[in-house]
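Visitor: Below you will find the structure I want to go over with you.
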């Protein structure tokens, strides 16, 4: 059996295993972030690190990757969200002042728990440039092999939404690891939600929307 074919079969096996667990982890992270994240749309590092820990609890070893990313979320020329320096369409920098995105990788598979936030990111873009970003693609999470990802130029130039670009930049990873850490209380809460998927989670963000003080 050729090396390429063997690697492809291994990737498919990993994908199948992840498909059994990633949706549950994604749901737990969404519930926690929607209820309590102070930076919705800018909290990719927390999603990745918490997701990595929850997957490890399920005997799945993934690693956190920091780099550049972009997604074609609609058919229009401006319907692109990008965390890429000097991109024509991009979100604002994260809290560190850097332009980056964080996701997980397991073998040759990309796992992104933040794609449910595309509408939030689009609203942020529109507030900055006065445009109207059409969101036709907003999966709860993204799970795809690296072979299914595209170059940034393809995402930017295509009119077919559903394309994604990811490019690891190890130097950014070193910076982020010094700047961010995950709150142990969030780890505990995420694990509790994962174990109790029907749990209704209410947090500071809900109280804020109701005009109350936590």
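Taken together, the values in this text are just the output of simple stated rules run on the coordinates, not laboratory data. Everything numeric here is computed off the predicted structure, so don't read it as measured data. We place every Cβ from the backbone using ideal geometry, glycine too, and count neighbours over all the protein chains shown.
Visitor: Here are a few candidate values for log10 I(q)/I(0) by the Debye sum over Cα atoms at q = 0.14, 0.15, 0.17 Å⁻¹: [x] -0.72, -0.85, -1.13; [y] -0.88, -1.01, -1.28; [z] -0.96, -1.05, -1.22. Which one was actually calculated from the structure I just gave you?
Guide: Correct label, based on the coordinates given: [y].
Visitor: Rounded to the nearest 0.05, what FRET efficiency do residue 134 and residue 207 have when you use their Cβ-Cβ distance and R0 = 25 Å?
Guide: On the way: r = 32 Å, r/R0 = 1.27.
Once rounded, the FRET efficiency stands at 0.20.
Visitor: Taking every pair of Cα atoms in region 163-209, average 1/r, invert it to obtain the Kirkwood radius, and report Rg/Rh to two decimals.
Guide: Details: Rg = 16.1 Å, Rh = 14.1 Å.
So for region 163-209, dividing Rg by the Kirkwood Rh gives 1.14.
Visitor: To continue, here is another question. Rounded, prolate or oblate: pick one for region 116-182, where a ≥ b ≥ c are the square roots of the eigenvalues of its C-alpha gyration tensor, a/c under 1.5 means rounded, and failing that, prolate if a/b is larger than b/c, else oblate. Before the final figure, lay out each step's value.
Guide: Numbers: a/c = 1.83, a/b = 1.25, b/c = 1.46.
It is oblate, given that a/c is not under 1.5 and a/b is not larger than b/c.
Visitor: Can I ask one more? Any idea what the relative contact order of the chain is, in percent, if you count C-alpha pairs under 8 Å spaced at least 6 apart? Walk me through the numbers on the way to the answer.
Guide: Values: 353 pairs, mean separation 60.4, N = 214.
Relative contact order of the chain: 28 percent.
Visitor: Which peptide among 116-125, 198-207 comes first, and what is the full order, when sorted by highest mean count of other Cβ atoms within 10 Å?
Guide: Values: 116-125: 19.4, 198-207: 12.5.
Ranked from most to least packed, the peptides come out as 116-125, 198-207.
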